Amino acid sequence: MAARRTTPHPAAHQDGERPADALPPTAWAVLGLLSFPGERTGYELKKWADASLRFFYWSPAISQIYAELRRLEALGYATSRRSGPDAPRTKRSYAITEEGRTALAAWADGGQDAGPPVLKHPLLLRVWLGHLTAPDHLRTLVAEHVARTRGELKEVRDALGRADGAEAWSHPQVALRWSERRLESEVELAEAMLADLDALDAAGAARGRPGSVPPGPRQPVADAPTPG
C-alpha cells in the first residue's frame with residue numbers, strides 16, 4: 001500500500017513561524033530514530049529507544065512515540081504505510097522523508113546551546129532526607145540502586161555489542177560508550193555513598209544516638225533555613 005502523507009495544517013504557519021520551531025526535543029529524538037536505514041513500526045522504535053536513548057536521555061512510553069509520529073506525519077517529516085494483506089498481522093511502518101531529514105539535520109547542526117543536563121536523582125532525594133529514615137532502610141535503598149545500575153550497565157554493554165561494526169550506528173556507539181562510563185561512575189559513587197552512610201551512623205552511635213542529624217552551616221546563611 002502506498003505511504004500515507006499528511007498535509008501540514010495551514011494554521012501551523014501563522015506569523016511566519018514554521019511548525020518545527022515549536023517541536024520538543026522528544027519529537028526530534030523520535031525523528032532521529034527514523035533517520036537510520038529502514039522502516040520501523042512504533043513498537044520497533046520503542047525497542048530501539050529502550051536499547052539506546054534511555055541510557056542517556058529519555059525512555060518513552062509507546063503512546064508518546066505514537067503521538068510524536070502523528071505530529072511528524074502532520075508536518076510532512078515522516079510517512080507511514082500499512083503492511084500488505086498477506087502479512088499475518090497488520091502493522092504500520094514509518095520512515096523519514098527528505099524534508100524530515102533536512103529539518104533534523106538543521107536541528108542537530110544548530111548553533112544554539114544544547115543546554116545543561118537535568119539531573120533528577122530520586123535516591124539522592126531520599127538520602128537528603130535521611131535524618132527521617134531508618135539507617136538500615138536507607139542503606140538497602142542504596143544497595144538496590146547499585147544492583148539496578150549494574151544491570152543497566154550490562155544492558156548498555158549488550159547494546160554496544162549489537163551495534164559493533166555497524167557503520168550507521170557509529171555515533172550512537174559514542175553515546176552508548178559515554179553511558180557505559182557514566183554507569184560505571186554511578187556504581188562507584190553509590191558505593192562511596194554507602195561508606196559515607198556507614199561513617200555517619202558510626203559517628204551517631206559514638207554520640208550515643210543512632211542515625212544522623214543534618215549538620216547546620218558553619219556560618220549563618222541569609223534566607224536559608226537552619227535545621228532544628
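Model label sites at Leu194 and Lys47, defined 7 Å from Cα along the beta-carbon direction, differ in position by 3.5 nm. With the cut-off at under 12 Å, measuring from each backbone N in the stretch 104-123 to a point 7 Å along the Cα-to-Cβ line of Arg81 picks out no residue. Subtracting the Cα-Cα distance from 0.36 nm times the residue separation, let me have the gained length for Ala163 to His137 in nm, one decimal. Fully extending the segment from Ala163 to His137 adds 5.4 nm.
In what order, largest first, do Ser63, Ser80, Ser35, Ser170 sit by accessible area if the probe radius is 1.4 Å?
Values: Ser63 80, Ser80 0, Ser35 30, Ser170 50 Å².
Ranked from most to least accessible, the order is Ser63, Ser170, Ser35, Ser80.
Across the stretch 98-108, coupling constants 3J(HN,Hα) worked out from phi with the 6.51/-1.76/1.60 Karplus curve, θ = phi - 60°, read 5, 5, x, 5, 5, 5, 5, 4, 5, 5, 5 Hz, and Gly and Pro carry x.
Label-to-label distance for Ala22 and Ala67 is 1.5 nm, based on points extended 7 Å past Cα in the beta-carbon direction. Within the assembled protein chains, the solvent-accessible surface assigned to Trp28 is about 10 Å², based on a 1.4 Å probe. Shown in residue order for the stretch 152-160 are the 3J(HN,Hα) couplings computed by the Karplus curve 6.51 cos²θ - 1.76 cosθ + 1.60 at θ = phi - 60°: 5, 4, 5, 5, 4, 5, 5, 5, 5 Hz (x for Gly and Pro).
How would you classify the stretch 70-175 from its alpha-carbon gyration tensor, with a ≥ b ≥ c the square roots of the eigenvalues: rounded for a/c under 1.5, else prolate if a/b is greater than b/c, otherwise oblate? Let's see the in-between values first.
Working: a/c = 2.27, a/b = 1.86, b/c = 1.22.
It comes out prolate by the Cα gyration axes.
Within the same chain, lysines fewer than 8 places from Lys120 are excluded, and of the rest, those with a Cα less than 29 Å from its Cα are Lys46, Lys47, Lys154. Considering only the Cα atoms of the stretch 127-209, their convex hull presents on average a projected area of 6.0 nm².
Restricting the trypsin sites (Lys or Arg not before Pro) of the stretch 111-162 to loop positions (DSSP other than H, G, I, E, B) with no more than 13 neighbouring Cβ atoms within 10 Å leaves Lys120.
Among the protein heavy atoms, those of Lys47 account for about 110 Å² of accessible surface (1.4 Å probe, every chain in place).
When the Cα positions of Leu125, Gly151, Leu75 are compared along the charge dipole of the stretch 67-166, Gly151 comes out farthest toward the positive end, with charges on each C-beta of Lys, Arg, Asp and Glu.
Given a Förster distance of 35 Å, report the FRET efficiency between Ala205 and Arg148 from their Cβ-Cβ distance, rounded to the nearest 0.05.
On the way: r = 29 Å, r/R0 = 0.83.
Working from the Cβ atoms, E equals 0.75.
Taking Asp201, Asp196 and ordering them by how much accessible surface each has at a 1.4 Å probe, largest first, produces Asp196, Asp201.
The values are calculated or read from the model by the stated rules, or taken from the named source; none is laboratory data. Everything numeric in this text was worked out from a predicted model, so none of it was measured. Note: ideal-geometry Cβ built from the backbone for every residue, glycine included; neighbour counts use all protein chains shown. Side chains are part of the model used for accessible areas, which takes the heavy atoms of the whole protein and leaves out ligands, DNA and RNA. Shrake-Rupley method; radii C 1.70, N 1.55, O 1.52, S 1.80 Å.
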